[in-house]
Amino acid sequence: MIFQLCYASKKTSNDETILKDLRDILTEARDFNTKHQIHGVLYYADDYFFQCLEGEEKHILMLLEKLKKDPRHDEIVLLKTGALKETNFSDWSMKYVGRNSKIQNYFKSLGHHRFAPNQLNEQSLDAFLSFLYDGQPSMA
């Protein structure tokens with residue numbers, strides 16, 4: 001069984017270092033995730049990270065503890081955990097979806113002027129995830 005965990009966090013980086021931090025986060029995530037057979041997606045906009053991770057539960061929980069200690073993340077909010085029959089990101093150790101108008105418009109339709117992943121409920125989270133499953137990857 002595959003375990004899924006989705007969370008949101010606020011960046012601590014300043015605007016001058018966020019691109020470097022994003023590249024570093026993606027490099028570290030891809031290395032760790034490949035080693036532990038974790039798949040997932042990262043989305044960043046408006047000072048917030050959103051990440052959905054899928055893999056063996058013990059490895060995902062180990063990664064969560066690592067994230068809680070990462071000084072680049074603050075205000076970590078768990079949005080979803082549970083079992084899956086199959087991974088949604090099998091081709092990606094860590095897919096990065098860049099800021100895009102579909103996602104911005106979706107959050108506006110929810111009444112948010114900015115990307116606010118910490119405000120998602122179960123239904124709006126599932127709709128948001130569908131954008132990420134289909135979204136084209138980009139490089140930070």
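A few points about this structure:
- Carbon and sulfur %, accessible surface of segment 1-115 computed with the full protein complex present, 1.4 Å: 50 percent
- Segment 89-136: C-alpha gyration tensor shape, a/c 1.5 cut-off, then a/b vs b/c: prolate
- For Lys58, a cut-off of 18 angstrom between C-alpha atoms picks up these aspartates and glutamates, skipping any fewer than 8 places away in its own chain: Asp31, Glu86.
- Using a Förster distance of 22 Å, the FRET efficiency for Thr17-Lys68 (Cβ separation, nearest 0.05): 0.60
- Judged by the gyration tensor of its Cα atoms, with axes a ≥ b ≥ c, segment 31-88 is prolate; a/c meets the 1.5 cut and a/b is the larger of a/b and b/c.
- Per-residue Karplus couplings for segment 3-14, computed as 6.51 cos²θ - 1.76 cosθ + 1.60 with θ equal to phi - 60°, are listed in order as 9, 10, 9, 10, 9, 10, 8, 9, 6, 10, 5, 8 Hz, Gly and Pro entered as x.
- Just checking the listed ones, Leu129, Leu79, Leu19: in the Gaussian network model of the chain with Cα springs under 10 Å, the one fluctuating most is Leu19.
- Eligible aspartates and glutamates near Lys35 by straight Cα distance, threshold 16 Å, same-chain separation 8 or greater: Glu54, Glu56, Glu57, Asp91
- Extending 7 Å from the Cα toward the beta-carbon at both His113 and Glu56 defines two label points whose distance is 4.7 nm.
- Per residue, the chain exposes 55 Å² of accessible surface when a 1.4 Å probe is rolled over the protein heavy atoms with every protein chain present.
- Filtered trypsin sites (Lys or Arg not before Pro), segment 42-140: DSSP coil and at most 12 other beta carbons within 10 Å: Lys85, Arg99, Arg114
- Residue order for Ile60, Ile2 - accessible surface, 1.4 angstrom probe, largest first: Ile2, Ile60
- Thr27/Ala127 FRET efficiency (R0 25 Å; Cβ-Cβ; nearest 0.05): 0.25
- Summarising the label geometry, the points placed 7 Å from Cα in the beta-carbon direction at Gln37 and Val77 lie 3.3 nm from one another.
The values are calculated or read from the model by the stated rules, or taken from the named source; none is laboratory data. Source: prediction; values computed, not measured. When we count neighbours, we look across all protein chains shown, and the Cβ atoms used for this are built from the backbone with ideal geometry, even at glycine. All accessible areas refer to the heavy atoms of the entire protein, side chains included, with ligands and DNA or RNA removed. Shrake-Rupley method; radii C 1.70, N 1.55, O 1.52, S 1.80 Å.
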